[in-house]
Amino acid sequence: MTEIILNKLVIIGVGLIGGSFALALRRASLVEHIVGIGRSRENLLRAKELGVIDEIANDLQEALKDADLVLLAVPVGQIGKTIAQISLYLESKTIVTDVGSTKQDVIIAARSFLAHNLRNFVPSHPIAGTELSGVNAANANLFHHKHLILTPLEETSVDAIHYITRLWKSCGARISQMQASQHDEIFATMSHLPHILAFTLMNHVCTIAKGSPSNLLRFAGTSFLDFTRIASSSPEMWRDICLTNQASLLCQIDAYQDELAALRKMLANNDGVTLEKTFSNAQAVRHQWLKDKS
């Protein structure tokens, strides 16, 4: 029989990620009682109806009483404020982790408000989001075979890291560990920039269609649909991610603009040889990536 290692889990932000974490732990029989906290009463009621949470918190202090773990699953722009709020009521035994897409800002907030409890703070980032949001999108299989990055502080205890690692592994995640600065640089390239490109392409279509994008979009094929899928993501969430990872993302935008400028020059010069070579290189890199994934 599986040992219950979480008597009380508090999830702040019961959406896609927070809800999926709860469902995965329930399936693994690792959690006894789950308390949900969030901005939308309707979403929390739906979470309870779906069996994602057992209780809707009406009082933060009471919610955090005897909590084994607090999961911060709010947009990254709200994490600092949320950490400040919970710091007033956290017990010394309670472990805190987050699921934010940026990590340096989260650690700054933790150092500001959790100085007394940094040993129990384990920043994390599951690479498992979709363009969907809200508890209705929660899925116990969301993290299966997906990467989960931990960026612990120097003060974070080994026991806390092992505890969080066990929980995420029980959700099916593949665990990696790195410095917060390295994380933010990597994901500026691999996640944040692609989202900006998808949003920008949709706005570009609207602009050249003079406010009537349907005149163009009715001719869109699967390639356009695939490329812009993530433009359906939460604008609030991606606004916050962009602003909190500003420096790394600006570097990536500048580098990408250099790539576009080089490609534009090839096209303007009718340089088909270099253009094909550029496309072939990209194709080869992608083929190798897919081969390595299989």
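FYI, it's all coordinate maths here, none of it is from the lab. Predicted model, so just to flag it, every value in this text is computed and none were measured. Please note: Cβ atoms are built from the backbone with ideal geometry, for glycine as well, and neighbour counts cover all protein chains shown.
So the values come out like this:
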| quantity | calculated |
| --- | --- |
| The range 6-178: C-alpha gyration tensor shape, a/c 1.5 cut-off, then a/b vs b/c | rounded |
| Filter on Lys103/Lys169; Lys81/Lys103; Lys93/Lys169; Lys210/Lys265; Lys146/Lys291 - keep pairs with C-alpha separation over 25 Å | Lys210/Lys265 |
| Kirkwood Rh and Cα Rg combined as Rg/Rh, the range 1-51 | 0.98 |
| Using alpha-carbon coordinates, inclination of helix 76-86 to the longest axis of the chain, degrees | 10 |
| Hits among lysines - C-alpha to C-alpha of Lys48 under 24 Å, sequence gap 8 or more where chains match | Lys8, Lys65 |
| Lys210 paired with His162, simple spin-label distance in nm, labels 7 Å along Cα-to-beta-carbon | 6.9 |
| Per-selection metrics, the chain (Cα): Rg and Dmax in Å | 21.4, 69 |
| Over the range 62-120, volume per residue of the alpha carbon convex hull, in Å³ | 73 |
